[in-house]
Amino acid sequence: MTGEDTLERQGSHSSLFKFPIVERKVFKNNFLKDVIVELRFPTFLRLKESEPVGISEAIRSQFPIYDPSQQMQMTPLGTTDRQPVYRFLNRKQDKAVEITASHLVLSCKGIAYMSFDDFLETIEFLVKACTPHLETDFFTRVGLRYVNFVGGMQSNGTDLKAWINQELVAPVGGEIGSVHSAWTELAGPLMDGAGYTFRYGLSPPSESQNRQFVLDWDYNKQSVEVGDCAKLLSEFHGLHYPFFWWSLGEKAKEALENGTAKIH
């Protein structure tokens, strides 16, 4: 995608993001830990009572490994009954599909993420294969999430502003002094009723792990027709890259450019 394409996407959908236009690039190594798509749908009670045999057969060509589990729901009144989670893995076990009575989640490890087009093909496969068994023509929520762990900074965090945009980490190393850990969440609107949540922060020091900075984006929209899902995810993807690039400091950008970027 060219810089002009990015500008057109931003200009046509939202004037709220004002990030500099950048040329989209593919890097040999990156900071990407996980890419996740969540598709929520009206609760389908049958999935609380029996395993999704039809779905298993429909997605078996790409997700042949079945790994069932249980999850416990927490509410203000305490713990509810355990809810089944039906988990399917691809052969390499670097992509996973989780299905409950109310959502379908595709997660992909960063090392397995080749391109958005490749990832979207998997989503389209799942939507086509699964929605007939879920008996729904719309999703109550569609979300696209990118989680990045920026590693490479000094253990004491003194060079943090060289790795992360100073607008995100302005207090660190200034009058406030040393920071053990930090976490911030921002949320705002996007085009046509969509929205985003941006969480970011510095991990605490650890003897077993170098410090890293977490950049976590979630783009989402409520009530989406099944047929509009792929287009919406593509729009989210088009908005994301300038936001991601703006969030980085010069050292992080250099690490991406020269192939030394890594997650510790």
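So, residue 147, is that one closer than 22 Å to residue 103 by Cα and under 23 Å from the mean Cα position of the chain (by Cα) or not?
yes
Flag: residue 234 does not match the condition of being assigned to a strand (DSSP E or B) and open to solvent by 10 Å² or more (accessible area, probe 1.4 Å). Listed by first and then second residue, the pairs linking a residue in the stretch 111-135 that is touching a residue at least 60 places away in the same chain (Cβ under 8 Å) and closer than 21 Å to residue 92 by Cα to a residue that is aliphatic (A, V, I, L, M) and open to solvent by 90 Å² or more (accessible area, probe 1.4 Å), with Cβ atoms under 9 Å apart and 6 or more places separating them unless they lie on different chains, are 115/26.
Restricting the search to strands (runs of 3 or more DSSP E) fully inside the stretch 23-142 and requiring at least 2 residues that are touching a strand residue (DSSP E or B) at 6+ places or on another chain (Cβ under 8 Å) and within 30 Å of residue 259 (Cα to Cα) gives 32-40, 95-99, 103-109. Collect the residues in the stretch 142-165 that are at pLDDT 95 or above and either open to solvent by 60 Å² or more (accessible area, probe 1.4 Å) or of a type in the set (D, E, K, R) (or both), keeping them in residue-number order. Passing the criteria: only 145. If you go through the stretch 106-141 and keep only what is open to solvent by 30 Å² or more (accessible area, probe 1.4 Å), more than 14 Å from residue 41 (Cα to Cα) and not aliphatic (A, V, I, L, M), you end up with 107, 109, 113, 115, 117, 118, 121, 124, 125, 128.
Considering every residue within the stretch 192-205, establish whether at least one is acidic (Asp, Glu), out of contact with any helix residue (DSSP H, G or I) (no Cβ under 9 Å at 6 or more places or on another chain) and open to solvent by 70 Å² or more (accessible area, probe 1.4 Å). Within the stretch 192-205 (the criterion being acidic (Asp, Glu), out of contact with any helix residue (DSSP H, G or I) (no Cβ under 9 Å at 6 or more places or on another chain) and open to solvent by 70 Å² or more (accessible area, probe 1.4 Å)), the answer is no, since none of the residues qualifies.
The values are calculated or read from the model by the stated rules, or taken from the named source; none is laboratory data. Being a predicted model, the structure only gives us computed values, none of them experimental. Glycine gets a Cβ as well: all are built from the backbone with ideal geometry, and neighbour counts include every protein chain shown. Please note that ligands, DNA and RNA were not included when accessible areas were found on the heavy atoms of the full protein model with its side chains. Shrake-Rupley method; radii C 1.70, N 1.55, O 1.52, S 1.80 Å.
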